[in-house]
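Here's the structure we're looking at; comments come further down.
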Amino acid sequence: MSALRVALAQINPCVGDIAGNSALVLAACRQAAGAGAQLVVLPEMVITGYPIEDLALRESFQRAAARAVIDLARDLEEQGLGYLTVIVGSLGTLPDGRPTNRAHVLLGGEQVAEYDKHHLPNYGVFDERRIFAPGASPCVVSVQGRRIGVVICEDIWQEGGPVAALAEHNLDLLAVLNGSPFEEGKGRVRTDLARRRAAQVGAPLAYVNLWGGQDDLVFDGHSFVVAADGTWLANAGGFRDAVLVWDLEDRTGGQDQGPVVDFAADDAQVYSACVTGLRDYVVKNGFTSVVLGMSGGIDSALTAAMAADAIGGEHVVGVSMPSQYSSEHSRDDAADLAKRIGADYRVQPIAPIVEAFQAELALTGVAEENLQARVRGVILMGISNREGHLVIAPGNKSELATGYATIYDAGSIGGFAPLKDVDKSRVWQLARWRNALAETRGETPPIPENSITKAPSAELRPGQTDQDSLPPYDLLDEVLDAYVEHAEGRDELLARGFDAAVVDRVLQLVDRAEWKRRQYPLGPKVTALAFGRDRRLPVTSRWREV
């Protein structure tokens, strides 16, 4: 029996854009056919985009999704691609009207089989159990004499269920449709799991994943194929379109070795996730440009570099908003940054505006400092309203955790925050990584060295540095990682050897800042626990005393 050529089509859909997503699917099928494929597998919910949340409950949306699948089957046939077996994720509807997360199998201009996801995740970023009805039946389709089992994402993460049932079906291949969001380190967990499931069914496993940003979620792609014995057979890179083609041999011989690419290092993947999330938030919401405050500091420098990588420096507006406390080197660093990335650079002193407020309010102390910060936010929003840019916030996870930010200022205002889930220590690390990448390419590093090496400061009063209010960032981030990411309490932190005064100060700051975090813009989730989507912390420390 000749080999069955399989194509895994890794594409970037947009939630709700059924027509646009269908066009992407059709184009991917054409590309797969051009490579000689006979079976094309596409990701979970790719026709509708994912996650669709309560759109699944709208009857009009259900009808539109159903029509799209029928139209896709017809278009494949009319374009001479009806011979392809196409397995594509979309929205399904049961006879009683309940929606399902469905895989549709298309061949010869019609749907020939379907499979509804069994295990519906209801943790972290997922809310599927509330929205979808679970499936109950396994799905095995025959393609060129090969038995192909079909499951969807969470079905392989849970013991038992459809994978255990398929182990009795003498499969030649297990096809897994996925909408699996990115988290740093998750790729290794996925591949280990896939190897176990391939062994369980006694057949190769083909894992195809979405890629792209959707609000605060980022999907990374990284589709792959593993053999029943765990051998790595083929894989696609991350954060980009790909049609991964691989030949499924019959059971009498060894499996074909397909294309293999190296996985990027962790810093590269986190950086790519932030850039992808930013770019797709801008594009999918109809913007073409962004505006941010350029202070000369590391956070705004890294954010601006990401924005330039995402949409091009010519679409980035950077505004320096100096006050009487702004240092000359900060202004120079901001101008240098803008030149390096090709941004539209502007200078808007805040003193006249602050003086107008002060003439009416006569603020002092912290209130006066925060007025300067908030005036900067007003300037950015004014430019945004006048010119149509999306305001992006450069705040990082360490500041967000501790509330070390003036709410409604230039660091926290806007529609998207690329560094929201990146702690301060990692900000420096990513900046150095990005500059090193530029050097390997023979390019000018985008981030001025002075922005990386100088002590961080809000520059709202003479001689101010962040460490006037916070522990050193390397220590702070270590405590935050234990408390926020690993849910360790005070006793565990003290047992680690942290100073009690530091622990009490950090926990107090974190607990009291929840109200600020609730008002912060969306940002790409890149860790297992991100503020906003899947993490809240108490607003008081009194609970520890109970």
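The figures follow:
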| read-out | value |
| --- | --- |
| Filtered residues of the range 298-314 (kept if out of contact with any helix residue (DSSP H, G or I) (no Cβ under 8 Å at 6 or more places or on another chain) and open to solvent by 20 Å² or more (accessible area, probe 1.4 Å)) | 314 |
| Residue 185 being out of contact with any helix residue (DSSP H, G or I) (no Cβ under 7 Å at 6 or more places or on another chain) and surrounded by fewer than 22 Cβ atoms within 10 Å (Cβ to Cβ) | yes |
| Residue match in the range 194-203 (condition: crowded, with 24+ Cβ neighbours inside 10 Å, in contact with a strand residue (DSSP E or B) (Cβ under 7 Å, 6 or more places away or on another chain) and under 18 Å from residue 258 (Cβ atoms)) | yes |
| Residue in the range 16-45 that is surrounded by the most Cβ atoms within 10 Å (Cβ to Cβ), counting only those that are closer than 17 Å to residue 93 by Cβ and in contact (Cβ under 8 Å) with a residue 60 or more places away in the chain | 45 |
| Tally of residues being under 27 Å from the mean Cα position of the chain (by Cα) and either acidic (Asp, Glu) or at pLDDT below 95 (or both) across the range 1-47 | 2 |
| First in the range 164-187 and in contact (Cβ under 8 Å) with a residue 60 or more places away in the chain and charged (D, E, K, R), second anywhere and in a strand (DSSP E or B) and surrounded by 20 or more Cβ atoms within 10 Å (Cβ to Cβ), Cβ under 6 Å, 6 or more apart | 172/146 |
| Qualifying residue in the range 519-528 (condition: modelled with pLDDT of 95 or more, of a type in the set (A, V, I, L, M, F, W, C) and in a loop (DSSP other than H, G, I, E, B)) | yes |
| Residue match in the range 263-277 (condition: outside any helix (DSSP H, G or I), over 30 Å from residue 189 (Cα atoms), out of contact with any Asp or Glu (no Cβ under 7 Å at 6 or more places or on another chain) and open to solvent by 10 Å² or more (accessible area, probe 1.4 Å)) | no |
| Hey, residue 510 surrounded by 19 or more Cβ atoms within 10 Å (Cβ to Cβ), over 28 Å from the mean Cα position of the chain (by Cα) and either at negative phi or at pLDDT 90 or above (or both) or not | no |
| Residue match in the range 153-160 (condition: over 26 Å from the mean Cα position of the chain (by Cα), open to solvent by 20 Å² or more (accessible area, probe 1.4 Å) and at pLDDT below 95) | yes |
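The values are calculated or read from the model by the stated rules, or taken from the named source; none is laboratory data. Keep in mind the model is a prediction, meaning the values are calculated, not measured. Every residue, glycine as well, gets a Cβ built from its backbone with ideal geometry; the counts of neighbours run over all protein chains shown. Quick note on the areas: whole protein, heavy atoms, side chains included, nothing else; ligands and nucleic acids left out. Shrake-Rupley method; radii C 1.70, N 1.55, O 1.52, S 1.80 Å.
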